1. Name every residue in region C:24-67 that is within 26 Å of A:Gly163 (Cα to Cα), more than 10 Å from every other protein chain (Cβ to nearest Cβ) and among the small types (Gly, Ala, Ser), in order of residue number.
2. Quick check on region B:156-171. Is at least one of its residues assigned to a loop (DSSP other than H, G, I, E, B) and either within 13 Å of chain A (Cβ to nearest Cβ) or at pLDDT 90 or above (or both)?
3. Restrict the check to region A:160-167 and report whether at least one residue is away from chain B (no Cβ under 14 Å), farther than 27 Å from C:Ile159 by Cβ, free of Cβ contacts under 8 Å to residues at least 12 places away in the same chain and out of contact with any Cys (no Cβ under 9 Å at 6 or more places or on another chain).
4. Pull up region C:146-159, narrow it to residues that are buried (at least 21 other Cβ atoms within 10 Å of the Cβ) and within 21 Å of C:Glu44 (Cα to Cα), then point me to the one that is farthest from the other protein chains (Cβ to nearest Cβ).
5. How many residues does region C:235-252 hold that are open to solvent by less than 30 Å² (accessible area, probe 1.4 Å), out of contact with any His (no Cβ under 9 Å at 6 or more places or on another chain) and within 14 Å of chain A (Cβ to nearest Cβ)?
6. Give me a count of the residues in region B:1-39 that are closer than 25 Å to A:Gly107 by Cβ, among the small types (Gly, Ala, Ser) and more than 14 Å from chain A (Cβ to nearest Cβ).
7. Taking region C:209-234, which residues are open to solvent by less than 40 Å² (accessible area, probe 1.4 Å) and either touching a strand residue (DSSP E or B) at 6+ places or on another chain (Cβ under 7 Å) or at pLDDT 80 or above (or both)?
8. Can you tell me which residue among C:Glu77, C:Glu91, C:Glu70 is within 12 Å of another protein chain (Cβ to nearest Cβ) and open to solvent by 40 Å² or more (accessible area, probe 1.4 Å)?
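The values are calculated or read from the model by the stated rules, or taken from the named source; none is laboratory data. The structure presented is a predicted model; accordingly, all values stated were derived computationally and were not measured. All Cβ positions, glycine included, derive from the backbone under ideal geometry; neighbour counts span all protein chains shown. Just the protein is used for accessible areas: all its heavy atoms, side chains included, with ligands, DNA and RNA removed. Shrake-Rupley method; radii C 1.70, N 1.55, O 1.52, S 1.80 Å.
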Amino acid sequence: MAILSKKDTKLITDPFLDNNPITIQVLGICSALAITAELKASIVMSISVLFVLGVGNVVISLMRNIIPSKIRIIVQLVVVAALVIIVDQVLKAYAYELSKTLSVFVGLIITNCIIMGRFEAFALGNGPWRSFLDGIGNAAGYGFILILVGFVRELFGSGTLLGFPVLGDPIEKSGLYSIGYENNGFMLLSPMALIVVGIIIWVQRSRNASLIED
Amino acid sequence: MEHIELFFKSIFIDNMVFATFLGMCSYLAVSKKVTTAVGLGAAVIFVLAITVPLNWMLDQYILQPGALKWLGAEYASYDLSFLSFIMFIATIATMVQLVEIVVEKFSPGLYNSLGIFLPLIAVNCAILGGSLFMQSREIPSLGLATTYGVGSGIGWFLAILAIAAIREKIRYSSIPAPLRGLGITFIVTGLMAIGFMSFGGMLTGGDEEKKAKEDVLSVTEQPLGNLTTND
Amino acid sequence: MDNKTDKNLYTILFAVGMVVVVGGILAFLSTSLSPAITANEKIEKQQNILYALGINNNDGTSAIFIGAKEAPDAFKENVTEQIVLTYKDGEIVQTQTRQEFLDDKENGGFEPYLIDVKKQQTSQKEKGVRQLPLFVGKNKEGKTLYVAPIRGKGLWDAIWGYVAVDEDMVVQGTYFDHKGETPGLGANIKQRYFMDDFYGEKLLTDAGVFKGITVAKGNADPKNERKDDYKVDAIAGATITGDGVTAMIKKDLGLYVPYFQNLKK
C-alpha cells in the first residue's frame, strides 16, 4: 500500500537528517535562534511554518510557468506575505486567543529564509504535489531541530518543559534543586542557541561522515 | 548628537547579527572568505541605507493610522498598518532589483563583485528587520532613519567581516572533523555574541538610567511641587 | 521558462495584475473582518482591565482571563466609573466622568476605555495635552481600586499593561502584555510569577513623592517579601524588556499622582 512512490517518500524523509534545512542547508536560522528559549514557542513556530511552507510551495508551483523571471523574488515575497497576513487577520477575527499566541511569529515567518529558499530551489521547478511534499518535509526537518533546541534550552535554562516544572521548584529547593542543582540562566540567552545548534551539527556529522566539510 | 548616539547604538549595542540575530542565514553561508564577505557586507549597508529611509516615508505618509491626512481630512481615519509587511517587503525587493539593473548597466566592474549578492539580499531578514525596527522603535525623522539604516548596515558588515576573518584562520587549526565548517562557525558566532553583550551592559549601566531618571523627575516633580504649596 | 515570460510588457502586466489581485484580497479581508476584529479587541481590553482588578479565572500558576462571553457584563458590573483626566503641561486641568466624556463631542464621544494610549502619548509629545483614562472598580473583597493603562517599549516592539492601585497608590494588581518580546524571556512579563510580584508594592514614598517600581536584577529578594523597596525581581535574560516595564510605570503612572493626592484630601 504505497501511497507515495519511493522518490516522493524521499522528499519528505531527506530533509529530516541528511539534508536538514537548518544544519545542512543553512536556512531559517534567525527564527531558530530567536524563539527556542521555550519549547511551546518552538512547537507553535514549527506548525506555522509547516502550514505556510506547504501551502506556499503549492501556490508558487502552480504559478511557476507564468511568473516573469525578472521579478520572481518580489512575487515570491508577496505570496508569503499575503498568505501570512490572511491567516493572521482571519485568526484575529475568529480565533482571537490563538492569534495572540501566534502574533509574535507573523513577522518571523515572512522573513524566514527557509520559505524563500524552498520556493526558489524547489517549487519553481516542480509540480504542485511534489512541491507540497517538499514543503512538508522541509518544514518537518526544520521543526525537528527547533523542538530539539527548544527542549534543551527550556529544560536546562528554566527547569521546565512546556511551562511545567520537571526538575522541582528552584525557590522552594525541592526535587533536583535540593541537592544543589541550579538552573543555567545562560541557556535562555540567544548565543546559547547558536552553540546548541553547533553541537547538534557536531553530533549529526559524527554519525554520518559523508556530511563532513573539508 | 542624537545622530551619533543612534549610529553607534545601532552598530554595537543593537548589532543586527549579535544582538537580534537577524540576517544569520547569509551571514553563515557567505562568510567562508573575507573578499566575498566584504562584498555582501557592502551590499547590505547600501541596501539598508536606501530602504530604511524609503520605508520610513512609506510608513509616515501612507501606512500609519491617520497618515493619509495629507490627502484630505476625510482620509485621516484610514489605518493601513496591516499592509506594512507587504509594503516594506515589496519596496525592498523592488529596490534590490532596481539597484541590480542600474549597477549592471553603469558599472559592470561593481556588478561583477556585488551583483551576485543582490538577489541574496532581498531574502536577508536583516533588511526587513531594519525597516520593522525603524517602525516599532518610532524613529522620529528621515535623517535619523537614514542614520539608523547606515549604522545597522555597518554593524552587519563588521560582524560578517569578523567571522570571515576567523574562518580563514580557523582553517589551519585542528578541529574535530565533524565540527569543521558550519559547526564551529555556529559555536564561534555564539561566543562572539556573548562578547557583544558587553556593549549592551554599557547602555543599561550608564546613560540610559540617568536619562530615565531625568525624565521621571521632569514629569513628577512639578505636580508634586504644586501640591506641597497647597498643603 | 518559456520566452514570453521574459518580455518587459508581460512583466509589467503581471506585476500590475498581482498588485490588483493581492491588494483586492487583502482589502476585502480587512474590511470584512474588521468589525469582528474590533469587537475582539474591545473584549480584550475589558478582560485586561478586569484582570488587573483581580476579576479573572486564574488557575494554579497560569493567568487566565474571564471568559470572552462574560466579559462585557462583568465589565459593566465591576467597573463602576471611568474617569478621564485631561493632562496639560504638567497639570491635570480637567476631570470628566464617563457620562461627561460621552457627551463631549469635541474630545470624547466614545467609551473611555477605548482611549488609545499610544495616540495620547504622541499628543503629549507634540502638543503637551493628554487624556488619561482611569477605571474605578471594586475587587472581589469590595475594595475600591483604580486601574490605569500604561504603554512603553520593550526589546522588539511595544509593551503595555494595566495597573490597579488603591487610593494610597499601592499596587493591587497588574496585567502586562507585549507585541513581540522574545518567547521564554521578555514574553514572560505576562506570566503570573512576574505580574503577581507587583502586588502590594508601593508607588509613593511616605512623604508622598512618586518613586515608581523598578524591575531590578540581583535576586536579592527572589520571593519578593519586602514590599516597601520599590523593586520587583527581574526576569533573567530579559533586561531590556524589564527596563521597559520600569520606564512605562514611571512615565505613565507618574502622571496620575496629582489625582490621587487630591483624592486623599
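1. Within region C:24-67, C:Ala52, C:Gly54, C:Gly60, C:Ala63, C:Gly67 qualify.
2. Yes, region B:156-171 contains a residue that is assigned to a loop (DSSP other than H, G, I, E, B) and either within 13 Å of chain A (Cβ to nearest Cβ) or at pLDDT 90 or above (or both).
3. yes
4. Looking at residues that are buried (at least 21 other Cβ atoms within 10 Å of the Cβ) and within 21 Å of C:Glu44 (Cα to Cα), I get C:Val147.
5. 3
6. Qualifying residue count for the region: 1.
7. Selection gives C:Phe210, C:Gly212, C:Ile213, C:Val215, C:Ala216, C:Asp221, C:Asn224, C:Tyr230, C:Val232, C:Asp233, C:Ala234.
8. It is C:Glu91.
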